[in-house]
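To start, I am sharing the structure in question, which I have written as C-alpha cells.
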C-alpha cells in the first residue's frame with residue numbers, strides 16, 4: 001500500500017511517524033513522500049522523505065491512499081471533503097502504543113497518536129485526531145474533523161462536536177457536550193455544555209470575549 005502524506009509541517013511529520021511505527025510492527029505500507037503547498041519545501045527531504053510537490057500534484061503522484069497531515073481543523077475538513085469527491089482512499093493512522101477497547105469505532109482518516117486511549121463504547125469520527133497522550137473515556141463521541149490536543153482528557157459520555165478543538169491539557173467532566181467548531185483553551189476544565197462556535201477557557205471553563 002503506497003501512502004502520500006498531505007502536509008509536511010509539524011502535524012504531518014507526526015502522522016508520517018505514526019505510519020512508520022505501524023510499518024515497523026508489520027503493516028504492509030510504503031510512505032511515498034509528502035505533498036505540501038509551501039514552495040520553500042519543494043524538492044527537500046523531511047524525515048528522510050521527499051517533498052514531491054504541492055497538494056495539486058496528488059493526481060500525478062503514484063499512490064493507493066492518502067493521510068492528511070494538516071492540523072487546522074477547518075482546512076483539514078475542507079481537504080477531506082475535496083478528496084472524498086475525488087474518490088481518494090484514506091489511511092487510518094493508529095500508533096502501536098495507542099490503546100483502544102475492542103468495540104471502539106474509528107472513522108476513515110482518523111489519527112490516533114502515541115499514548116492515546118479510547119475506552120469502551122467510544123466513537124472517533126472520520127478525519128478526527130486523538131493526539132499524543134490524550135484520552136476519551138467510555139461512550140465518548142469525538143465528531144468528524146475534531147481534535148483532541150496532546151494531554152487532553154474526556155471523562156465518560158462526553159460529546160465533542162464536528163470540528164471542535166479540545167486544547168492542550170484540558171479536560172471535560174462526565175456527560176457534557178462541546179459544540180461543533182468550538183475551541184476549549186489550553187488547561188481549561190469544561191464542567192457544563194459549550195455551545196457551537198464558542199471559545200472557552202479557564203477553570204471552570206467560561207466563554208471568552
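Just a yes or no: is a residue in segment 95-102 at positive phi and either in a loop (DSSP other than H, G, I, E, B) or out of contact with any helix residue (DSSP H, G or I) (no Cβ under 9 Å at 6 or more places or on another chain) (or both)?
No, that holds for no residue.
Select, from 27, 42, the only residue that is more than 25 Å from residue 96 (Cβ to Cβ) and out of contact with any helix residue (DSSP H, G or I) (no Cβ under 6 Å at 6 or more places or on another chain).
42
Same structure again: Of (1) farther than 21 Å from residue 9 by Cα; (2) under 11 Å from the mean Cα position of the chain (by Cα), residue 69 satisfies all except one. Which?
(1)
Please find, among 78, 87, the residue that is on the phi > 0 side of the Ramachandran plot and surrounded by fewer than 17 Cβ atoms within 10 Å (Cβ to Cβ).
Answer to the selection: 87.
Being in contact (Cβ under 8 Å) with a residue 24 or more places away in the chain and assigned to a strand (DSSP E or B) is the filter here; which residues of segment 31-69 pass it?
Matches in segment 31-69: 31, 32, 33, 34, 35, 46, 49, 51, 65, 66, 67, 68.
May I ask you to list the residues in segment 6-28 that are buried (at least 16 other Cβ atoms within 10 Å of the Cβ) and either part of a loop (DSSP other than H, G, I, E, B) or not assigned by TED's automatic domain parsing to the domain that holds residue 76 (or both)?
7, 8
I would also like to ask the following. Looking only at segment 153-170, count how many residues are part of a loop (DSSP other than H, G, I, E, B), touching a strand residue (DSSP E or B) at 6+ places or on another chain (Cβ under 8 Å) and surrounded by fewer than 24 Cβ atoms within 10 Å (Cβ to Cβ).
3
The rows are residues; the columns are (1) within 13 Å of the chain's Cα centre (by Cα); (2) within 21 Å of residue 89 (Cα to Cα); (3) free of Cβ contacts under 8 Å to residues at least 24 places away in the same chain; (4) part of a loop (DSSP other than H, G, I, E, B).
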site	(1), (2), (3), (4)
108	yes, yes, yes, yes
121	no, no, yes, yes
126	yes, yes, no, yes
139	no, no, yes, yes
151	no, no, yes, yes
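The values are calculated or read from the model by the stated rules, or taken from the named source; none is laboratory data. Bear in mind that the values here come from a model prediction, so they are computed numbers and not experimental data. With ideal geometry, Cβ positions are generated from the backbone for all residues, glycine too; neighbour counts draw on all protein chains shown.
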